[in-house]
Amino acid sequence: MRLTKILPALALALGLASGASAADKLKIGTEGAYPPFNMIDEKGKVGGFDVDIAMALCAEMKVTCDIVTQDWDGIIPALVQKKFDAIVASMSITDERKKAVAFTDHYYTNKLQFIAPKASSFSPALDALKGKVLGAQRATISGTWLEDKVGKTATVKLYDTQENAYLDLAAGRLDGVLGDKFVNYEWLKSDAGKAFEFKGEPVFDDDKIGIAVRKKDDKLRQRLNDALAAIRANGTYEKINAKYFPFSIY
Amino acid sequence: MNFEVIVENLPKLLDGALLTVELVVFSSLAGLALAFPLALARCSPRPWLRAGPWAYIFFFRGTPLLVQLFLVYYGLSQFEAVRASIFWPILRDAWWCALITMALHTAAYIAEILRGAIQAVPRGEIEAAHSLGMGVWQAQRRIVLPRAVRIALPAYSNEVILMLKGSALASTITLLELTGTARTVIARTYMPIEIFLAAGVLYLLISFALVQVFRLLERRLGTYAC
């Protein structure tokens, strides 16, 4: 009699315990419009460097992860409002953003570099940028750089996605686009980017890219840092890097 | 709630609001001008004359404004022929692209409003006009259209307010109207609630002003507003 009472209780306790481990599920937010770092393929699947890194980290932490996509300029508010638990979306670690979220160690280093038509004599010197029409994605450090450095002397156009900035560069509405070097690199390789090239040296070359988590989730941040160190050490990171770039971007 | 950030960015938001008002007023007026011939042709007894406006209205009402904006701004500019044409100085400009698209879009809706209003003019009044010896055009000009405008006015004011909200989509083609400005400010401050609240209040003020303008207009034209 007693046993029959205990058994369901035990089962319930076990169920709860397994429920707790099943709850160890992470939702990862990314943008999905930033090739080759994160993009959506023809079948609607999300992929790219960021997504591969996120999956490798999840495997390392032994948790199941769901990738969800979110428009770039709403991605931090969505994290804060718990729509997902971490942002793996090529996000630069900046002081402005640190007011809103916490960052892991960096998982790659970005540079900002202008691209412009091959035929133009475009130069990234501040003086030469006067009066030019320049584009960047909204809510990125490229956008911030343009607003801060040439916002008063040049026309700055901000786009919802990087792809739209490229479209306008190709259409001739822009004299140049400032963007992440590796993303620009990918676009220059494409058909649409044939007539364009990098101009001058990167205007900023120590842009550390990290994973953003909510400020209160310090445990998650620690676990991600540990996992990051682990995949750096065991060669997983290198493999993913080589899949996208013939040089190290760490 | 951080009200400081609202105060700090208010001048920028007001600049954006001004551009919003500009887009709505110009596109609503241009749309209205375009809608008259469309509506008249749409009411024509001749099928070949009805077909064009029918197709136009079907297309512009049947597709989202966002898609139309993208087609005009990003789509047309992909063609070398367009970039080489004399229209490029205008199509190159995001402001013109937004204005043209919004005017074409709203014209389709206004044309349908006018068509409904023209058809709502009591038959007896038209017959009375004819019996006084007025021709078809004279009756249109003196009786039907003035009556139709009065009938259509409340629905038109509704459409203008819808365009006010539709104008937020212009931010997707780089225009810094109210929504675009708000999003750009949020990108720096990460305070979406405060800034969107301020933008929302500005939208309310603009629509309040529009409602007042239409109330005055309705009074003058003798459609008794309630």
### Message
Compute a Gaussian network model of chain B, connecting alpha carbons closer than 10 Å, and tell me which residue from B:54, B:95, B:137 fluctuates the most.
### Response
B:137
### Query
Just A:42, A:238, A:31 to compare: in a GNM of chain A, with alpha carbon springs under 10 Å, which one fluctuates most?
A:42
### Task
State the extension gain, in nm to one decimal, for the chain segment bounded by residue A:64 and residue A:155, taking 0.36 nm per residue of separation less the distance between their alpha-carbons.
28.2 nm
### Message
Let me check the size of chain A from its C-alpha atoms; what are the radius of gyration and Dmax in Å?
### Response
21.6, 90
### Query
So how compact is the protein assembly as shown: Cα radius of gyration and Dmax in angstrom?
28.5, 104
### Query
Based solely on its DSSP helices, what 222 nm [θ] is calculated for chain B when runs of n ≥ 4 H residues each add -39,500 (n - 2.57) and the sum is averaged over all residues, nearest 500 deg cm²/dmol?
-25500 deg cm²/dmol
### For segment B:175-196, residues shielded by at least 40 square angstrom of accessible area compared with the chain on its own, probe 1.4 Å
B:183, B:184, B:187, B:188, B:190
### Task
Enter the Cα centre distance for the pair segment B:1-60 and segment A:78-129, rounded to the nearest angstrom.
36 Å
### Query
Roughly what % of DSSP beta bridges within the protein assembly as shown run antiparallel, to the nearest 5?
60 percent
### Task
Please work out the C-alpha center-to-center distance from segment A:27-73 to segment B:145-190 and express it in whole Å.
35 Å
### Query
Taking only DSSP H segments of four or more residues, each worth -39500 (n - 2.57), what value at 222 nm results for chain A once the sum is divided by all its residues, to the nearest 500 deg cm²/dmol?
-11500 deg cm²/dmol
### Query
What number in nm² do you get for segment A:110-206 if you take the convex hull of its Cα atoms and divide its surface by four?
5.3 nm²
### Query
Just the accessible area for residue A:46, please: 1.4 Å probe, Å², rounded to the nearest 10?
40 Å²
### Message
Probe radius 1.4 Å, ligands and nucleic acids left out: which of A:65, B:43 has the largest accessible area, and how do the rest follow?
### Response
B:43, A:65
### Message
Connecting C-alpha atoms closer than 10 Å in a GNM of chain B, tell me which of B:208, B:60, B:26 has the biggest fluctuation.
### Response
B:208
#### Entry: Within the accessible area of chain B (1.4 Å probe), percent carbon and sulfur
70 percent
### Message
Within chain A, what whole-number % of the accessible surface is contributed by carbon and sulfur, with the 1.4 Å probe and all protein chains included in the calculation?
### Response
55 percent
#### Entry: Formal net charge of residues neighbouring residue A:116 (Cβ-Cβ distance under 10 Å; K, R +1; D, E -1)
+1
### Query
Where the centroid of each part is defined by its Cα atoms, how far is segment A:194-232 from segment B:77-98 in Å?
38 Å
### Message
Just to be sure I understand: if you take the accessible area of chain B alone plus chain A alone and subtract the pair, with a 1.4 Å probe, what total do you get in Å², rounded to 100?
### Response
2000 Å²
### Message
Averaging the inverse of every distinct alpha carbon separation and then flipping it gives the Kirkwood radius. What is it for segment B:1-156, in angstrom units?
### Response
18.3 Å
### Task
With no solvent and one equal point scatterer per Cα, compute the Debye intensity ratio I(q)/I(0) for segment B:28-97 at 0.16, 0.23 Å⁻¹ and report its log10, rounded to two decimals.
-0.74, -1.02
### In degrees, nearest ten, helix A:218-233 long axis to first principal axis of chain A (Cα)
70 degrees
#### Entry: Where labels lie 7 Å past Cα in the beta-carbon direction, separation of residue B:90 and residue A:217 in nm
5.1 nm
### Task
Work out, in µm²/s and without decimals, the Stokes-Einstein translational diffusion coefficient of segment A:28-145 at 25 °C, 0.890 mPa s, Rh from Kirkwood over C-alpha pairs.
152 µm²/s
### Query
FRET efficiency for residue B:120 and residue B:7, Cβ-Cβ distance as r, R0 = 51 Å, nearest 0.05?
0.55
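The values are calculated or read from the model by the stated rules, or taken from the named source; none is laboratory data. None of the values given here were measured: they were computed from a predicted structure. Ideal geometry is used to build each Cβ from the backbone, glycine not excepted, and the neighbour counts take in all protein chains shown. We work out accessible area using only protein heavy atoms, side chains counted, and drop any ligands, DNA or RNA first. Shrake-Rupley method; radii C 1.70, N 1.55, O 1.52, S 1.80 Å.
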